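The values are calculated or read from the model by the stated rules, or taken from the named source; none is laboratory data. Worth saying up front: this structure is predicted, and the values here are computed from it rather than measured. All Cβ positions, glycine included, derive from the backbone under ideal geometry; neighbour counts span all protein chains shown.
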Amino acid sequence: MAHIRQLSLVFACVMLNTAVAGDFTLSSEHIQHGEFMTKAQEYQGFGCEGDNVSPQLSWQGAPAGTQAFAIMVYDPDAPTGSGWWHWQVVNIPADVSSLPLGAGTPGSNKLPKGSVQIENDYGVKGFGGACPPPKHGAHRYQFTVHALSKKLELPDNASGALTGYLVNAHSLASSTIVPLYKRN
């Protein structure tokens with residue numbers, strides 16, 4: 001009988017954490033879930049001629065214990081066998097709840113102090129916009145904010161995979177917007 005009470009208590013705690021995490025939301029003035037992004041969020045290079053500007057992002061409802069945030073932008077449809085990291089920012093301070101338009105531009109000084117951009121799959125420490133191959137159809141771009149239980153300690157040359165691993169290992173909650181992009 002004690003085991004059943006313990007399992008019930010564990011289940012109740014899991015459900016409570018799920019409900020709290022469900023209140024954590026991500027929004028943007030520039031991208032919408034299931035809608036196509038504009039040329040503003042298209043990469044400039046690799047045959048793409050966009051503005052390469054990271055969208056404004058806001059989040060709210062972070063769970064108790066949040067020590068930092070991370071933003072991850074990933075294209076699972078890239079024809080690489082492993083997807084494509086477009087942007088990874090970690091150690092955004094816990095008292096920050098938004099990033100302005102263009103925060104991912106290297107040297108823009110729009111990221112909060114202490115934030116760290118990881119080298120994307122274009123080879124740049126900053127935002128790299130959408131640039132799917134022509135006639136490859138619509139790609140999904142997963143913009144995810146994670147509430148982290150601690151600031152991450154990463155080497156200067158951390159890979160996207162290592163960063164993703166540590167973000168997921170310390171994520172208390174996450175919220176995602178998935179806009180689309182395609183080139184004809």
message: Is it the case, given these coordinates, that G128 is within 19 Å of P55 (Cα to Cα) and more than 12 Å from the chain's Cα centre (by Cα)?
response: yes
- line: Picked from segment 131-184 (must be touching a helix residue (DSSP H, G or I) at 6+ places or on another chain (Cβ under 6 Å) and closer than 26 Å to Q32 by Cα), the residue surrounded by the most Cβ atoms within 10 Å (Cβ to Cβ) is H146
message: Among the listed residues T163, T144, identify the single one that is in contact (Cβ under 8 Å) with a residue 40 or more places away in the chain, under 21 Å from P76 (Cβ atoms), among the polar types (S, T, N, Q) and in a helix (DSSP H, G or I).
response: T163
- line: Those residues of segment 94-111 that are more than 15 Å from the chain's Cα centre (by Cα) and either exposed (fewer than 15 other Cβ atoms within 10 Å of the Cβ) or of a type in the set (S, T, Y) (or both) come to a total of 7
query: Identify, please: which residue in segment 166-175 is under 11 Å from A70 (Cα atoms) and assigned to a helix (DSSP H, G or I) and is, among those, farthest from the chain's Cα centre (by Cα)?
result: L166
task: Please tell me if T38 is within 21 Å of G164 (Cα to Cα), at pLDDT 95 or above and over 16 Å from the mean Cα position of the chain (by Cα).
output: no
